[in-house]
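Every number in this text was worked out from the coordinates using simple rules, so none of it is lab data. Predicted model, so just to flag it, every value in this text is computed and none were measured. All Cβ positions, glycine included, derive from the backbone under ideal geometry; neighbour counts span all protein chains shown.
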Amino acid sequence: MAGRCERVWGRLAVAVVPVLALSGLLGVCHRVALGQPAEAQKLDRGDRVGTVLQLAPGRIQVRLKNSGETWVVAAAPDATIEVAGTAAREMLQAKQFVQCSVELDEFGKVTQPVEKVTFPGGGTPGVVAGGLGLADPKAKRAPGKRPAGTYLVSGLIKSVEGDEITIQIGRDRFEIPVATDAELEVATANIALASPGDDVELEGEYVQKGQLLASSIKVTLVNPLMPPQPKNKARRPARTP
């Protein structure tokens, strides 16, 4: 039995240690030693929807809506993670990675305000045209030689002036006006952008109830995404009369 316990420990140590408490792992081995099954079980369909309670590196705490139980969830190495929602206008700031479809004239100038900006949480800067794929950001392109048409521009915002954002990709500089009612969409795999209260849908397996190794985590943001607060910002001392 000891050998079986060691094999269970080895199998769980890689994937589940960040989530399970040591006592939970010892409990699994104890059940194996008694000859009881310790095989992983799939999460019931009725328990796949919940609410985010807390986030920590490598795991999230979720309250299941059906049962009211609290589970700790970790993503499996090959898990599918989706975080979707909307973003606040304040997210249009320097150093934010965005994607947007633009209309360019023969000189590379954006001809009209964009109606949608997506925040993918990062990616490769580049320009997509006609389904040809991302252009090499290091490729040399002579100004004014790109054919007029629709392009998907992906890159970091360099600056913002009023309703206009500027994205610099290699030698290409795109000054992009954003419509006042533009859709600001979050579509990312960065689960760190989730917040307590967000809706979550889960799929996965567990050895011990309350501790899930997820194969799929889908988070829907309840509130528009806001920029992170500045860290360690010194406060000015209050003036004395």
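Output the number of residues of the range 143-174 satisfying the condition of being farther than 13 Å from ALA129 by Cα and assigned to a loop (DSSP other than H, G, I, E, B). Let's see the steps before the verdict.
At the first step, the residues of the range 143-174 found to be farther than 13 Å from ALA129 by Cα are 143-145, 155-174.
Going one step further and asking which of them are assigned to a loop (DSSP other than H, G, I, E, B), we end up with 143-145, 162-163, 170-171.
Count: 7.
In the range 142-186, the residue that is nearest to PRO113 (Cα to Cα) out of those that are among the β-branched types (Val, Ile, Thr) and surrounded by fewer than 18 Cβ atoms within 10 Å (Cβ to Cβ) is THR180.
Restricting attention to the range 187-204, which residues are in a strand (DSSP E or B) and buried (at least 16 other Cβ atoms within 10 Å of the Cβ)? Explain how you work it out, then say what you get.
Quick first cut of the range 187-204, residues in a strand (DSSP E or B) only: 187-188, 199-204.
Selection gives THR188, ASP199, VAL200, LEU202, GLU203, GLY204.
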